[in-house]
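Reviewing the structure listed below.
Values quoted throughout were computed directly from the atomic coordinates according to the rules given, and no laboratory measurement underlies them. All values reported here derive from a predicted model rather than from experimental measurement. Methodologically, a virtual Cβ is constructed for each residue, glycine included, from the backbone with ideal geometry; neighbour enumeration extends over all protein chains shown.
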Amino acid sequence: MMRKRLSSLLLPIVLGACTLGPDYQAPESQLPRVYGQPVLEGEAMANMPWWDLFQDETLQALIRTALDENKDLAIAASRIIESQAILGISRSEYFPSVDAGLSGTSGKGSSKVFPGSLDDSVQQNYRLGLSVGWEVDFFGRLRRSNEASRAQLLASEYAHQALTISLVASVASNYMLLRDLDQRLEIARRTFTTRTDSLNIIRARFDKGIVPLLDVNQAEIELASASAAVSAAERAVAQTEHALSILIGRNPAAITRGRTLAQQNLAPEIPAGLPSELLRRRPDIRASEQQLAAQTALIGVAEAGRWPSLNLTGALGVESGELSELSDSGADFWNIGANILGPVFNAGRNKSRVEVEKARTEQALQAYNRTIQEALREVEDALVSVRTYRAEHAARQRQVDAASSAARLSRARYDGGVTSYLEVLDIERSLFQSELAASETRRQELTAIIQLYKALGGGWTP
């Protein structure tokens, strides 16, 4: 009878439950209709999987190793598992908690407190039962908490995707840098060999009195410069190998090479899609949006804290003064109850907690807008980099061709006694620098394509 009455009292309360706080709505983003930099028409570059973009089999193997063994990516994957567990905790609060207990006590009461008791009387009590507790989510605290946990889980999954794209791009960029440094080291060593031969010839001519000592000294200066360039390139190659080793999750070691820098072929045509596609493709934007959704839900959690909470409790079991009598009839007991506890006065503490969550939500909104702006900047930067580095590399290559021809002619003029060795040194120095610059701009052109691929959210298929 009591249970029916309690149910009749609580049912209208439960049915009239509400959810406090604002419902999340995706913010409107002021995206441009087209990119500021010129792009080609066609299917978005981001639709291409990374193993189609990077055709160097050695680079593909390095990327696969990084995806399997990179430590930062493993940490991000672990965060997903953590978020899943937190969501499980939030969901469990929807349901009643049931605990089982077995207890036994033995003791003597004071005759001063209980005058009718004997001094040597010992009281025993044994209890076996179940206790049940359930919070009625009247104001939506649990629903908002579950909503926040679910959004945090999605954010951690998107963060893992964003890190995956970033890792693929980092491995590819460092590999291109390594191949650039390899080529620069080769240029430096070739120049060193050429200048060594020139110095030997000039010394022989000096010994015969054909050329002055100044020519010998100038040749020695250029040889020392080439030697220093070899050492610098060797150092850069080793350090880049070490950095790439860490990216693929290995201890610092030598890296296997595949295609040369000149043999790399990354998407000669670069269609970029529309700016609005960034909201759908870029996982970092989607992660930031889920962070905003989670923070919005926490406003509701804080709002619910300003109102009373309703808890239902119950117990069922057997109790007796003798352990052997627990199974006897009449030893059973049960009880049900409800309590409502709400804040009366706390000097505005709960109201301030709501303001805190609102301020944090505003911060999350601005962070989301900033993420979009950064994404647009990265795309625009990459587009202009692809276009200008391609043109710059073509110019550098023409410079190398002209310097090579000039170096041959100048050497012939010097051997014929028409010009001084200063002209030869100046032109050969220009050739050396031109070859280094051509290698660097080729690497920068390839890296710009990789950065555009990353900026567009490519390389990941959810």
Mean projected area (nm²) from the convex hull of Cα positions in the range 323-449 is 23.7
Find, to one decimal place in angstroms, the Kirkwood hydrodynamic radius of the chain, where the mean of 1/r is taken over every pair of different Cα atoms and then inverted. 29.5
Expressed as a whole-number percentage, the relative contact order of the range 315-453 with C-alpha contacts under 8 angstrom and at least six residues apart is 24
Cα to Cα, under 21 Å, and not fewer than 8 places away if on the same chain: which lysines meet these conditions relative to K108? none
Relative contact order (percent) for the chain, with alpha-carbon contacts under 8 angstrom and 6 or more residues of separation? 26
Quick one: putting +1 on the C-beta of Lys and Arg, -1 on the C-beta of Asp and Glu, what dipole do you get for the chain around its Cα centre, in Debye to the nearest 20? 620
Quick one: Karplus J couplings for the range 428-435, per residue in order, coefficients 6.51, -1.76, 1.60, θ = phi - 60°, nearest Hz, x for Gly and Pro? 5, 5, 5, 4, 4, 5, 5, 5
What list do you get for F345, F138 if you sort them by fewest beta carbons within 10 Å? F345, F138
Cβ-based net charge around A219, under 11 Å, with every Lys or Arg adding one and every Asp or Glu removing one: -2
What order do you get for F206, F333, F54 when you list them from fewest to most C-beta neighbours inside 10 Å? F333, F206, F54
One would report the antiparallel percent of DSSP beta bridges in the chain, rounded to the nearest 5, as 95
In degrees rounded to 10, the 0-90 angle between helix 213-247 Cα long axis and the longest Cα principal axis of the chain is 20
